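FYI, it's all coordinate maths here, none of it is from the lab. Note that the structure is a prediction, hence the values are computed from the model and not measured. For neighbour counting, all protein chains shown are included, and Cβ atoms are generated from backbone atoms with ideal geometry for every residue, glycine included.
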Ligand SMILES: Cc1ncc(COP(=O)(O)O)c(C=O)c1O
């Protein structure tokens, strides 16, 4: 049996809407992007969404919008996809890593205050694997020190903790629609915020700092524009938006299926003693990916066994601070963030997506069980 690591769940509606755009005049940022932004704001119970080409773009632009630049520091986690801290470097600022909770992999909020200096301009937590960090506690720190929180919610579209959804109470939140995310346009992303000025600024920054995007000029008859700030080229187009729009209505249905699979995995793996991250109370898990933690010395063999038996499995994530570039340019070494390093050496991610059949789920459980116990 072959169980792919990930399969998207796109259907006829997505293809129809993309076809409609392809047969229309306007391929770039226009009314479909507006529609998607409205739908996402509604789903996330927030006020503003800005469609972008990736979560990396959202992170980069929101940091710029928060005034982050050369000489500044941004507190973040070393246990994430490298996009998180690369986006800080892209602004010219320095990432200041804080170790993670040993039993969840999320940034340890209790260590954040100690890392704050005069140079700290933002805090960038990641809701790892789909579990939100303790936003209540983090927002209290943010308020006390007057430092904005920008959330990397690439894993957490469906998540909620203590009644708070990503981006509702912070400076803003960044989402990914990359190929393996729960809604996808192959590549794509969004920034959401309750702050209108910041939404306007990020909208300007996504198109070179142009004061009025093309669709707006077409709509209003405006003949020219100004550039009053340096921006980038990160605007989502109508084709990406058309692919995403029908998926919004299916977010909860697909999440429920992933939740069901995750519960099945947790039950089966608990029985045979496989370790998994602790799950928070008062929390809705986004169920982006499903990690297990195995003996670090056996991880290579276990991963090979799983892959050789037809189940797609990968590692999420290597420690960011131990990448050669980070060691070389920022002087990081082994042992600096021990909890992160331990997780990085023990983690294996197994398939979790709504298209998995019960037969495939049972096969994954059997294969992982055999790999770990043999
Ligand atoms: C935690 C995290 N942050 C950021 C990103 C970057 O997303 P994108 O590929 O949309 O730039 C990813 C992508 O997988 C991610 O997992």
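Here is the figure for region 228-249: residues that are out of contact with any strand residue (DSSP E or B) (no Cβ under 8 Å at 6 or more places or on another chain) and either closer than 16 Å to residue 288 by Cβ or in a helix (DSSP H, G or I) (or both) total 9.
The rows are residues; the columns are (1) more than 13 Å from the chain's Cα centre (by Cα); (2) assigned to a loop (DSSP other than H, G, I, E, B); (3) more than 16 Å from the ligand (Cβ to nearest atom).
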residue	(1), (2), (3)
75	yes, no, no
79	no, yes, no
86	yes, no, no
96	yes, no, yes
102	yes, yes, yes
112	yes, no, yes
118	yes, yes, yes
123	yes, no, no
132	no, yes, no
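Residues that are touching a residue at least 40 places away in the same chain (Cβ under 8 Å) and within 13 Å of the ligand (Cβ to nearest atom): does region 62-70 have at least one? For region 62-70, residues touching a residue at least 40 places away in the same chain (Cβ under 8 Å) and within 13 Å of the ligand (Cβ to nearest atom): present. Would you point out the residue of region 276-300, among those that are without any contact (Cβ under 8 Å) to a residue 60 or more places away in the chain and either within 16 Å of the ligand (Cβ to nearest atom) or outside any loop (DSSP other than H, G, I, E, B) (or both), that is nearest to residue 163 (Cα to Cα)? If we take residues in region 276-300 being without any contact (Cβ under 8 Å) to a residue 60 or more places away in the chain and either within 16 Å of the ligand (Cβ to nearest atom) or outside any loop (DSSP other than H, G, I, E, B) (or both), then 293 is nearest to residue 163 (Cα to Cα). Restricting attention to region 34-55, the residues that are part of a helix (DSSP H, G or I) and more than 16 Å from the ligand (Cβ to nearest atom) total 8.
For region 16-26, the set of residues classified as under 26 Å from the mean Cα position of the chain (by Cα) and exposed (fewer than 13 other Cβ atoms within 10 Å of the Cβ) is empty. Just checking, how many residues over region 182-213 are part of a loop (DSSP other than H, G, I, E, B) and touching a strand residue (DSSP E or B) at 6+ places or on another chain (Cβ under 8 Å)? Total satisfying the criteria: 8. Can you confirm whether residue 13 is in contact with a helix residue (DSSP H, G or I) (Cβ under 8 Å, 6 or more places away or on another chain), surrounded by 13 or more Cβ atoms within 10 Å (Cβ to Cβ) and in contact (Cβ under 8 Å) with a residue 60 or more places away in the chain? When the stated conditions are applied, residue 13 passes them. Can you say whether residue 247 is surrounded by 15 or more Cβ atoms within 10 Å (Cβ to Cβ) and free of Cβ contacts under 8 Å to residues at least 60 places away in the same chain, as far as the supplied structure shows? Answer is no for this residue.
Quick grid of which residues meet (1) within 26 Å of the chain's Cα centre (by Cα); (2) in contact (Cβ under 8 Å) with a residue 24 or more places away in the chain:
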residue	(1), (2)
305	no, yes
311	yes, yes
323	yes, yes
349	yes, yes
352	yes, yes
357	yes, no
370	no, yes
374	no, yes
